[in-house]
Amino acid sequence: MNAITLICWNQENNGGGDPKRRRAGDKLLKSLNPDLVYRQELWDAGADGSTIFNDQARTLKLQGVLGEGSCTGLFYNPATFSVVRDWRESRRPHFVMPPTALTLGYEPAGPRAVPFIAVSYHLNYGSATQRLLEAEWLTTWADKSWTTPDSRRYTLPAIFGGDGNFYPTGVPGDLPLPDLAKVKNKPHRTHRSCAGPSGTRLPDTAPYIALRTAGLEDAAAYWATAPHGDPTPLSRTVNACTTHGPDSRVDLTFLTPELLPAISGFEVIEVAEDVSDHHVLRLTLDPKVFRDILNHPVSA
């Protein structure tokens, strides 16, 4: 059985209103043969009866669920996954850009397996205070329970993917945090920083710390450390630019810890700047291990 392929990508403004650019992005994703796609910035995809979103789903040969305001979305292979619950009901006022969250059944795991939760997120661009609030609310999807027909309760595994607009910290070999004084766009210094001691501003790592405190594991950091020891997952996900600072890793996938043994690979696939300002994350899972985890869930 082939590896399960999960893709996470923020195509800037869903191609910026340019159909050729958008379709180039969709064809790129299709070439990666994904089973589950976490998307952000799907602007206008829900207009006119979701014409654009449906076109994107056809290109990918997947089914899709578009989140509130077309801020985020998920595409999935219906031969592999089935929707058990849709969590799209409004998450305002907690999120400026609401995430798309689904409880999905993994069909090859069989009818006795528990499902898992997939969450595509895009945290706030301009406010570190708002980002931390949103990150804290994201963790509520790592604490959902499932009751089986024989009345046993389990905590569901969860996989998150998205654009965090914050920086990871404490990961050996990771990209250095930006020097805010060297960020040319002064408002952006505020957008990507949080209040420090004595009125200073520091690069915003608070959401990352909050997610890690909740037990969520950074998939790239996990694959970059022993015994795997592959540093490439810690590659930039957005390029350096004169206004916004250095290469950064702001797009991240997180998993609840029981899923870590299922990871079989992680890489960042660079995308041409005329297609998007973000690069693609590809996470692969071992289908046998994933199936076994869902059949031996964690008690709630």
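The values are calculated or read from the model by the stated rules, or taken from the named source; none is laboratory data. Source: prediction; values computed, not measured. All Cβ positions, glycine included, derive from the backbone under ideal geometry; neighbour counts span all protein chains shown. Areas reflect the complete protein model, heavy atoms only, side chains present, ligands, DNA and RNA absent. Shrake-Rupley method; radii C 1.70, N 1.55, O 1.52, S 1.80 Å.
Considering every residue within segment 265-273, establish whether at least one is part of a loop (DSSP other than H, G, I, E, B), surrounded by 14 or more Cβ atoms within 10 Å (Cβ to Cβ), out of contact with any Ser or Thr (no Cβ under 7 Å at 6 or more places or on another chain) and at pLDDT 95 or above. Looking for residues that are part of a loop (DSSP other than H, G, I, E, B), surrounded by 14 or more Cβ atoms within 10 Å (Cβ to Cβ), out of contact with any Ser or Thr (no Cβ under 7 Å at 6 or more places or on another chain) and at pLDDT 95 or above, one finds at least one in segment 265-273, hence yes. Considered as a group, the residues in segment 179-198 that are more than 27 Å from Thr139 (Cα to Cα) and part of a helix (DSSP H, G or I) include one that is least open to solvent (accessible area, probe 1.4 Å), and that residue is Leu180. Residue check: Gly67 meets all listed conditions (1) open to solvent by less than 10 Å² (accessible area, probe 1.4 Å); (2) under 30 Å from Met1 (Cα atoms) but one, namely (2).
Condition first: of a type in the set (D, E, K, R), surrounded by 14 or more Cβ atoms within 10 Å (Cβ to Cβ) and in a helix (DSSP H, G or I). Can you find one or more residues in segment 199-206 that meet it?
As a first pass, look at segment 199-206 and keep what is of a type in the set (D, E, K, R): 201, 204.
Retained after the next criterion (residues that are surrounded by 14 or more Cβ atoms within 10 Å (Cβ to Cβ)): 201, 204.
Retained after the next criterion (residues that are in a helix (DSSP H, G or I)): none.
No, because not a single residue in segment 199-206 is of a type in the set (D, E, K, R), surrounded by 14 or more Cβ atoms within 10 Å (Cβ to Cβ) and in a helix (DSSP H, G or I).
Is it the case that some residue within segment 181-192 is in contact (Cβ under 8 Å) with a residue 24 or more places away in the chain and in contact with a helix residue (DSSP H, G or I) (Cβ under 7 Å, 6 or more places away or on another chain)? There is at least one residue in segment 181-192 that is in contact (Cβ under 8 Å) with a residue 24 or more places away in the chain and in contact with a helix residue (DSSP H, G or I) (Cβ under 7 Å, 6 or more places away or on another chain). Right, Lys144: among the charged types (D, E, K, R) and buried (at least 19 other Cβ atoms within 10 Å of the Cβ) or not? Answer is yes for this residue.
Residues in segment 143-178 that are in contact with a Phe, Trp or Tyr (Cβ under 6 Å, 6 or more places away or on another chain), assigned to a loop (DSSP other than H, G, I, E, B) and more than 17 Å from Glu217 (Cα to Cα): Asn165, Leu177.
Taken over segment 35-59, the residue count meeting the criterion of being in contact with a helix residue (DSSP H, G or I) (Cβ under 7 Å, 6 or more places away or on another chain), buried (at least 17 other Cβ atoms within 10 Å of the Cβ) and under 22 Å from Thr80 (Cβ atoms) is 3.
Residues of segment 120-140 that are under 17 Å from Leu6 (Cβ atoms) and either among the small types (Gly, Ala, Ser) or surrounded by fewer than 23 Cβ atoms within 10 Å (Cβ to Cβ) (or both): Ser120 alone.
Take the conditions (1) among the small types (Gly, Ala, Ser); (2) open to solvent by 20 Å² or more (accessible area, probe 1.4 Å); (3) more than 30 Å from Tyr208 (Cβ to Cβ); Ala109 misses just one of them, which is (2).
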